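Read-outs: derived from the displayed coordinates by stated rules, not from any lab. Keep in mind that what you see is a predicted model, and the values were worked out from it rather than measured. All Cβ positions, glycine included, derive from the backbone under ideal geometry; neighbour counts span all protein chains shown.
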Amino acid sequence: MRGVPENSAAGDQTPPRGAVRLTLDRQFGALFWGKLISGVGIWIHSIVAAVVVYAATGSALWVGLVSVVQFAPQIFLTPLSGTWADRGNIGRQIVLGRVLCFLGSGSLAAFCFVRGDLEGQLDAVIVLAATLITGLGFVVGGPAQQSIIPLLIRRDEFPTAMALNSLPMTLARVAGPAGGTFVAAQYSPALAFALAGLAHALFVVMTMFAALPAGTEQAAGTDFRVRAALSYVRRDRTMLLLLIVVAAVGFGSEPSITLAPIIADELGGGTHVVGQLTGAFGLGAVVGFFGYRLLSWPARQPRVLQVGLAAMIIGTTLVALAPTAATAMSAFAVSGIGFMIANTSAMNLVQLRVPQVMRGRVMALWMVGFVGSRPLASILEGILADLVSLEAALLVTAGVILAVFIAFRPKRLDFTPDGP
């Protein structure tokens, strides 16, 4: 269906729904729980793919390629997907994206069941190919998942809904890596990839029964070109800087994946420590969710964003200096707290400011920044870790976030909402 969704009727005088009621809502709740389940699948796939590629090649650069093939397609194709979200059927687009993710994880599970232990670069290439399919699923469904949120809520529910929207992937970041590495170590990587595929299949079923809205009617003659969204962002300095911040947040989150196997190896840990390092970042992000709720007064959002960036800088620097695995986990937790606070604040500011007519395309650009920066981070960190040192890779990452922190000056920006 198109038009006004069932939860955002104009003139509704009932109190805004809290977190519990939103998560139990037929539409928003289905999206929330579906994203949580499939998010676990995403992280299982990501961390186990990194582990098996490192085991097969022994190279940090090859591990970095896992993130490249999973997220690089978003740099080039997500803007087109955002156009589909603005003019097409958002609900169907979400389903199609998860079907592709299911095919990627499912095919890799089948390959690992047949092949057994993976060895050499050829096997690593097969892992990368299957991971690329899941990356294409992100491309198709990602902008639709972000742009549909305002259609399921009222304006006065925005802060709570945006925090909840960030929570599934945060919780998944705790459960997915730890669960994935446990299953891979105790049973097999094949079973881990099969569970990832099952998670995506469950999300497909949940969204189909939720009857998600197709989108909103757009005026005749609306310019749906990606160029129109790029022109809007270029003219709006506040939006441009917010998207740069989002890119820095994505960039700064990558060490918990790309560098986790190397950190664990240098600190004398095994496969289970890889999952614990990544899970510590996710656990910190869960704590950051509650921190954001405490700090998230609308007028404070830009300052809250700065707090998140500062925590990421401190946490990443501490990881570089960590002498033990336990210390590294604590430092990753600090970085995770900052990640959640900064990411949620930035998303809230973007969603409130962007006009409805180009929300899909602008959220596609949001994804290009958030996810598309990760391949660059993974390659850079992998090269630095291989050729210079692990510490250099981490400190350069902290330096990138610091540069954006310095550039983001709320007093010089206009955060007036333009969205619905």
Identified option (computed P(r) over Cα pairs in 20 Å bins from 0, in percent; candidates [x] 29, 60, 11, 0; [y] 25, 57, 17, 0; [z] 24, 44, 24, 8, 0) = [x]
Would you kindly derive the ³J(HN,Hα) couplings of region 34-42 from the backbone phi angles with the Karplus curve 6.51 cos²θ - 1.76 cosθ + 1.60 (θ = phi - 60°), listing them in order in whole Hz, with x for Gly and Pro?
-> x, 5, 5, 5, 5, x, 4, x, 4
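Would you calculate a helix-derived [θ] at 222 nm for the chain, using -39,500 (n - 2.57) for each DSSP H run of n ≥ 4 and dividing by the full residue count, to the nearest 500?
-26500 deg cm²/dmol
Among residues other than Val69 whose Cβ falls under 15 Å from its Cβ, what is the net charge (Lys/Arg +1, Asp/Glu -1)? Numbers along the way, then the final one.
Details: positive: Arg374; negative: Asp123, Glu254.
Summing Lys and Arg as +1 and Asp and Glu as -1 gives -1.
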Helix 120-147: inclination vs the chain longest Cα principal axis, degrees, rounded to 10, gives 20 degrees
Separation of region 343-420 and region 137-177 by C-alpha centroid, Å?
-> 17 Å
Short to long, in 10 Å steps from zero, the percent of alpha-carbon pairs of region 19-90 per bin is 17, 27, 33, 19, 5
0 to 90° range, to nearest 10: angle between helix 359-370 axis and the chain longest Cα axis | 20 degrees
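How large is the Kirkwood hydrodynamic radius of region 110-255, in angstrom, based on all distinct alpha carbon pairs? Intermediate results must be reported in sequence, preceding the final value.
Numbers: mean 1/r = 0.0523 Å⁻¹.
In region 110-255 this quantity evaluates to 19.1 Å.
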Can you give me the pair-distance distribution of region 66-152, C-alpha pairs, 5 Å bins, whole percents?
-> 3, 16, 22, 20, 15, 10, 7, 5, 2, 1
In a Gaussian network model over the chain where Cα atoms closer than 10 Å are linked, find which of His45, His272, His200 has the largest mean-square fluctuation.
-> His272
Mind checking which of Val51, Val114, Val404 has the largest fluctuation in a GNM of the chain, springs on alpha carbons under 10 Å?
-> Val114
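Looking at region 250-409, I'd like the Rg to Rh ratio, where Rg is from alpha-carbon atoms and Rh is Kirkwood's inverse mean 1/r.
Numbers: Rg = 15.9 Å, Rh = 16.0 Å.
Value, to two decimals: 1.00.
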Cα Rg, Dmax, region 222-307, angstrom units | 18.3, 58
Computed over region 59-211: relative contact order in percent, which uses C-alpha pairs under 8 Å that are six or more apart | 38 percent
Take region 337-392, compute every pairwise Cα distance, and split them into 5 Å bins from 0; I just need the percent in each bin.
-> 4, 16, 17, 18, 15, 12, 8, 6, 3, 1
How far is helix 390-407 tilted off the main Cα axis of the chain, in degrees rounded to 10, range 0 to 90?
-> 20 degrees
When only Cα pairs under 8 Å and 6 or more residues apart are kept, what is the percent relative contact order across the chain?
-> 26 percent
Could you give the radius of gyration (one decimal) and Dmax (whole number) of the Cα atoms in region 1-143, in Å?
-> 18.8, 63
